[in-house]
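> For reference, the structure I am asking about is given below.
The values are calculated or read from the model by the stated rules, or taken from the named source; none is laboratory data. Keep in mind that what you see is a predicted model, and the values were worked out from it rather than measured. Counting neighbours? That spans all protein chains shown, and the Cβs are built from the backbone with ideal geometry, glycine included.
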Amino acid sequence: MPALAGPVPDPGWPSRRAGRHNWGVGWYEWVAIGGGLGGLTGGVAALVAFVRLRRTQRTLARSAQFRRDSGLTERVAFVVNPSKGGYPDFKLAAYALCHELGLGEPVWLETTVESPGTAQAADAAARPGVRTVVAAGGDGTVRAVAQGLSGVGVPMGIVPLGTANLLARNLKLPLMSSRDALEVALTGRRRQIDVGRLTAWDQDGEIVIDREAFLVISGLGFDAAMVSDAASDLKRRLGWPAYFISGFNHLADKAIRVRLHTVDGVRPVLARSVMFGNCGLLPARLNLVPDADLADGNLDLAMVETRHGLVGWAALAFQVLLHSVGIRFTPAWASGRLVYLQAKSFQVTCESDQLIQIDGELVGRASRLDAWVDHLALCVRVAR
Ligand SMILES: [Mg+2]
């Protein structure tokens, strides 16, 4: 039997300072505390998101059940540009959501080059039970459908499938997911907005466009020339930057002699472009007409004035950038600037016929333009 060793020395209590920092908490505690707080925050965020999702689902389900129980046969009409990408998937999603919401079978109308949506929208709004007409396509389709619904009272939903999607951008509608946009188009709240109107005559006194609706910006000169050069295949490949590329081709175009008729009299102007803005937000968060309000009953006129070639255009671009971040600073001596005016209506005459665009669509050449707004003439559906 081995001899017993002597008494084992008592090592004492473990030191509280061993392996620790001076403030008494080791790195592993900090990691544990950080992980715990991170997990807790994530858990709370996930719980809030889950509760909101469930609440939305319950609201939609109750709404659908109410319609079924009450025997209502509400329907949604779709006016769709079938040339846009993802068309079959969009159609499936639209039918599925209508079924989910307890709506009747949708009215489905496609646009054509000859009939871009105005006639279809008017036809759809007149059908029994139709409570919303959804415009699905680019700015051209949205504008055409708005023209058919202006003053009618049936709300317009918007599913932006185009290049710039300007009205959807200004109304803060979902741009990245057509499924999200579809849900807002069918279940969003109603909002009344102004509709811009433009009548134009050429030098022979012939009417080029008569009371044509626009929702964002119409104009003559540089902006119309830029639109005319942005070919469809370039827009398809590059998206909205195609407009900037085509704009470079027209930086050297001559300024236009314009006579602006206002309540104060006639004002002669030498401008690169004259635009009428119902709203002004463009892609890349640029705001061309920062004071434009979609519901104030006024039209905002913006005139582009530049001198000294590229230097003037650079000064103009700088002003637009400043305005887009909320800084209003335009010195009178600037070689490039936007001059703004606001009124119920404007009349503009030019010394020769100029290219005219409305919401990014070229409509011809004219030398006299009358522009105004129909106050709150269009009802749209926007996010709740
Ligand atoms: Mg306005």
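> Report the residue count in the range 268-303 for those that are within 8 Å of the ligand (Cβ to nearest atom) and in a loop (DSSP other than H, G, I, E, B).
Result for the range 268-303: 9.
> Please go through the range 325-384 and pick out each residue that is surrounded by fewer than 21 Cβ atoms within 10 Å (Cβ to Cβ), touching a helix residue (DSSP H, G or I) at 6+ places or on another chain (Cβ under 8 Å), within 17 Å of Val289 (Cβ to Cβ) and of a type in the set (Lys, Arg).
Scanning the range 325-384 gives a single hit, Arg328.
> Still on this structure, please answer the following. Check every one of the helices (runs of 4 or more DSSP H) wholly within the range 156-235 and list those with 2 or more residues that are among the small types (Gly, Ala, Ser) and crowded, with 24+ Cβ neighbours inside 10 Å.
178-187
> Just to be sure, is Leu97 more than 30 Å from Phe214 (Cβ to Cβ) and at pLDDT below 95?
No: the conditions fail for Leu97.
> Which one is nearest to the ligand (Cβ to nearest atom) among residues in the range 304-323 that are of a type outside the set (D, E, K, R) and not in a helix (DSSP H, G or I)?
Initial filter on the range 304-323 (of a type outside the set (D, E, K, R)): 304, 306, 308-323.
Going one step further and asking which of them are not in a helix (DSSP H, G or I), we end up with 304, 306, 308-309.
On the way: Val304: 19, Thr306: 25, His308: 32, Gly309: 33 Å.
Result: Val304.
> Give me the pairs: first residue in the range 372-384 and in contact (Cβ under 8 Å) with a residue 12 or more places away in the chain and not assigned by TED's automatic domain parsing to the domain that holds Gly151, second residue surrounded by 21 or more Cβ atoms within 10 Å (Cβ to Cβ) and among the acidic types (Asp, Glu), beta-carbon distance under 9 Å, and six or more apart or on different chains, which are they?
Val373/Asp194; Asp374/Asp194; His375/Asp194; Leu376/Asp194; Ala377/Asp194; Leu378/Asp194
> How many of the residues in the range 119-144 are farther than 23 Å from Pro88 by Cβ and over 20 Å from the mean Cα position of the chain (by Cα)? Please lay out each step first, then the result.
Of the range 119-144, the ones farther than 23 Å from Pro88 by Cβ are 119, 122-123, 125-131, 143.
Retained after the next criterion (residues that are over 20 Å from the mean Cα position of the chain (by Cα)): 119, 122-123, 125-131.
Adding up the residues that qualify gives 10.
> In the set Arg191, Arg237, which member is on the phi < 0 side of the Ramachandran plot and at pLDDT 95 or above?
Arg191
> Follow-up question, since we're still on this one. Does the range 333-346 contain at least one residue that is free of Cβ contacts under 8 Å to residues at least 12 places away in the same chain, more than 20 Å from Ala213 (Cα to Cα) and either among the aliphatic types (A, V, I, L, M) or more than 16 Å from the ligand (Cβ to nearest atom) (or both)?
Filtering the range 333-346 for residues free of Cβ contacts under 8 Å to residues at least 12 places away in the same chain gives 333.
Going one step further and asking which of them are more than 20 Å from Ala213 (Cα to Cα), we end up with 333.
Those still in the list that are either among the aliphatic types (A, V, I, L, M) or more than 16 Å from the ligand (Cβ to nearest atom) (or both) too: 333.
The answer is yes, given that some residue of the range 333-346 is free of Cβ contacts under 8 Å to residues at least 12 places away in the same chain, more than 20 Å from Ala213 (Cα to Cα) and either among the aliphatic types (A, V, I, L, M) or more than 16 Å from the ligand (Cβ to nearest atom) (or both).
> Separate question: If a residue must be surrounded by 22 or more Cβ atoms within 10 Å (Cβ to Cβ) and among the basic types (Lys, Arg), how many such residues does the range 247-300 contain?
So the count comes out to 1.
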